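Contents: one structure, followed by commentary.
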Amino acid sequence: MNGHTDILAIETSCDETAAAVVRDGREVLSNIIYTQISMHTVYGGVVPELASRKHIEKIDQVISAALREADIPLKDLDAIAVTYGPGLVGALLVGTAEGKALAWASGKPLIGVNHIEGHISANYIEHPDLEPPYLGLVVSGGHTHLIVVKDYAEFEILGRTVDDAAGEAFDKVARAIGLGYPGGPKIDAAAKNGNADAIRFPRAKVNGSEYDFSFSGLKSAVLNYLNHAEMTHEEINPADLAASFQKAVVDVLTDHTVRAAREYGFHKVAMAGGVSSNSALREAMRKACEEAGMKLYVPSAIYCTDNAAMIGVAAYHEFMRGTRSGWDLNARPALRLGER
Ligand code: KG4
Ligand code: ZN
């Protein structure tokens with residue numbers, strides 16, 4: 001409406017209530033995140049009912065703050081975007097209902113956005129030179145996807161986890177060693193004081209699908225190790241355990257990614273999602289890509305975890321290719337990448 005394309009984006013798929021205004025798919029005019037983590041920490045993980053209730057309580061404030069900070073009134077926006085899946089159904093419902101209501105009341109187009117597409121798009125914010133095609137790795141609490149990003153909104157999934165997501169493995173192992181929730185950052189910190197070669201954990205392969213991931217065997221190996229130590233009254237070293245577990249995850253993620261990029265002839269690799277803020281993963285991936293002559297893109301930590309700016313970026317590309325959602329837009333907890 002001012003020569004630019006300004007989109008208000010809303011994200012409520014899990015435990016962050018977030019809203020952002022994004023200009024022309026790259027420039028973040030505001031990015032407000034209300035994180036519910038401290039509320040869920042008491043229970044050792046996200047409680048879906050509490051998440052939904054908190055989203056309802058916070059969403060209006062978060063949206064108002066995003067519009068205020070961007071200094072753009074609702075009437076001057078070009079579209080309203082909202083994450084409609086995948087995620088927790090009750091949490092997604094809050095965002096989709098809000099997005100529909102705002103779009104209806106303001107007469108703006110509505111764009112439903114896939115959360116995983118959002119994570120991938122986070123890299124466009126700080127890396128203007130990144131353009132498709134490239135190889136993408138999305139690693140979060142709910143997803144582990146190796147993806148060929150053919151175009152801004154066109155994807156081919158090469159591999160995914162057959163059981164736990166990478167972040168889920170971090171969270172479960174952290175709970176087992178008594179580090180608390182969310183486990184990723186706690187293990188990352190503990191591992192800094194540990195020896196990653198102290199314990200040899202398995203690097204799982206999935207038979208017949210070389211780019212798929214499996215982390216439940218690794219999680220069981222850690223639990224077995226803990227049980228064995230308890231039965232034999234051996235002291236465990238939590239830092240060594242954290243570092244060794246983390247290395248097993250990082251090795252597999254790095255190996256699959258670089259191998260796939262090589263096979264498909266990509267010189268650009270982009271990583272995204274909550275787990276991509278892991279310091280060991282960033283370091284290992286940077287080294288592996290450098291050795292393979294590939295350029296690695298990773299968002300700053302604030303765009304790795306759930307946020308609405310990344311949803312606004314994905315929405316811009318969907319908007320430009322003509323994607324519009326109807327008033328029947330509904331929460332889709334199991335929405336797949338590339339599906340509408
Ligand atoms: O992307 P995200 O905020 O939410 C989902 O879409 O799932 O990812 C959250 C996940 C959690 O499992 C959390 O433990 C993990 O990302 N995580 C990390 C780190 N920071 C967050 N995992 C490993 N190392 C970290 N530094
Ligand atoms: Zn996410």
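The values are calculated or read from the model by the stated rules, or taken from the named source; none is laboratory data. Remember, predicted model here, so these are calculated numbers, not experimental data. Virtual Cβ from ideal backbone geometry, glycine too; neighbours counted across all protein chains shown. Surface accessibility is based on the protein's heavy atoms, side chains included, excluding ligands, DNA and RNA. Shrake-Rupley method; radii C 1.70, N 1.55, O 1.52, S 1.80 Å.
State all residues of the range 288-306 that are surrounded by fewer than 19 Cβ atoms within 10 Å (Cβ to Cβ) and within 16 Å of ligand 1 (Cβ to nearest atom); if no residue qualifies, say none.
As a first pass, look at the range 288-306 and keep what is surrounded by fewer than 19 Cβ atoms within 10 Å (Cβ to Cβ): 290-293, 295, 300-302.
Within the range 288-306, 300, 301, 302 meet the criteria.
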Inside the range 127-144, can you point out the residues that are within 11 Å of ligand 1 (Cβ to nearest atom) and open to solvent by 20 Å² or more (accessible area, probe 1.4 Å)? 141, 142, 143
Of the residues 171, 163, only one is assigned by TED's automatic domain parsing to the domain that holds residue 260 and either more than 30 Å from residue 333 (Cβ to Cβ) or in a loop (DSSP other than H, G, I, E, B) (or both); which? 163
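Over 21 Å from the mean Cα position of the chain (by Cα), modelled with pLDDT of 95 or more and open to solvent by less than 40 Å² (accessible area, probe 1.4 Å), is that true of residue 72?
Numbers: over 21 Å from the mean Cα position of the chain (by Cα): yes; modelled with pLDDT of 95 or more: yes; open to solvent by less than 40 Å² (accessible area, probe 1.4 Å): yes.
It is true that residue 72 is over 21 Å from the mean Cα position of the chain (by Cα), modelled with pLDDT of 95 or more and open to solvent by less than 40 Å² (accessible area, probe 1.4 Å).
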Test set (1) open to solvent by less than 10 Å² (accessible area, probe 1.4 Å); (2) closer than 17 Å to residue 195 by Cα - residue 247 fails condition number: (1)
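Go over the candidates 91, 51 one by one and state the one that is within 18 Å of residue 305 (Cα to Cα), within 16 Å of ligand 1 (Cβ to nearest atom), modelled with pLDDT under 95 and open to solvent by less than 30 Å² (accessible area, probe 1.4 Å). First the steps, then the outcome.
Working: 91 fails: modelled with pLDDT under 95.
The conditions single out 51.
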Just to be sure before I move on: is residue 107 away from ligand 1 (no atom under 13 Å from the Cβ), buried (at least 23 other Cβ atoms within 10 Å of the Cβ) and either under 30 Å from residue 241 (Cβ atoms) or modelled with pLDDT of 95 or more (or both) in the structure I sent? no
Which pairs turn up if I take residues in the range 204-221 that are aromatic (Phe, Trp, Tyr) and look for partners that are outside any loop (DSSP other than H, G, I, E, B) and at pLDDT 95 or above with beta carbon separation below 6 Å, at least 6 apart in sequence or on another chain? 211/146; 211/158; 211/159; 211/256; 211/260; 213/144; 213/161; 215/169
Conditions (1) assigned by TED's automatic domain parsing to the domain that holds residue 169; (2) out of contact with any helix residue (DSSP H, G or I) (no Cβ under 9 Å at 6 or more places or on another chain); number of the one not met by residue 340: (1)
Restricting the search to the range 256-272, which residues are in contact with a helix residue (DSSP H, G or I) (Cβ under 9 Å, 6 or more places away or on another chain) and open to solvent by 70 Å² or more (accessible area, probe 1.4 Å)? 267
Given (1) assigned by TED's automatic domain parsing to the domain that holds residue 177; (2) assigned to a loop (DSSP other than H, G, I, E, B), identify the lone condition not met by residue 224. (2)
Note down all Cβ pairs under 7 Å where the first residue falls in the range 288-300 and is within 20 Å of residue 247 (Cα to Cα), the second is part of a strand (DSSP E or B) and open to solvent by 30 Å² or more (accessible area, probe 1.4 Å), and they're at least six residues apart or on different chains. 289/295; 289/296
Per the filter on the range 237-281, residues within 22 Å of residue 127 (Cα to Cα) and of a type in the set (S, T, N, Q) are 254, 257, 276, 277, 278, 279
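For residue 141, are the conditions met, namely being within 16 Å of ligand 2 (Cβ to nearest atom) and in a loop (DSSP other than H, G, I, E, B)?
Numbers: within 16 Å of ligand 2 (Cβ to nearest atom): yes; in a loop (DSSP other than H, G, I, E, B): yes.
So residue 141 fits the description; yes.
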Go through 190, 196 for me and flag whichever is out of contact with any strand residue (DSSP E or B) (no Cβ under 7 Å at 6 or more places or on another chain), in contact (Cβ under 8 Å) with a residue 12 or more places away in the chain, part of a loop (DSSP other than H, G, I, E, B) and within 16 Å of ligand 1 (Cβ to nearest atom). 196
When the range 144-188 is checked residue by residue, the ones that are more than 16 Å from ligand 2 (Cβ to nearest atom), of a type in the set (Gly, Ala, Ser) and modelled with pLDDT of 95 or more are 159, 174
Scanning the range 75-88 for residues that are farther than 25 Å from residue 140 by Cα and either surrounded by fewer than 21 Cβ atoms within 10 Å (Cβ to Cβ) or not aliphatic (A, V, I, L, M) (or both) gives 75, 76, 78
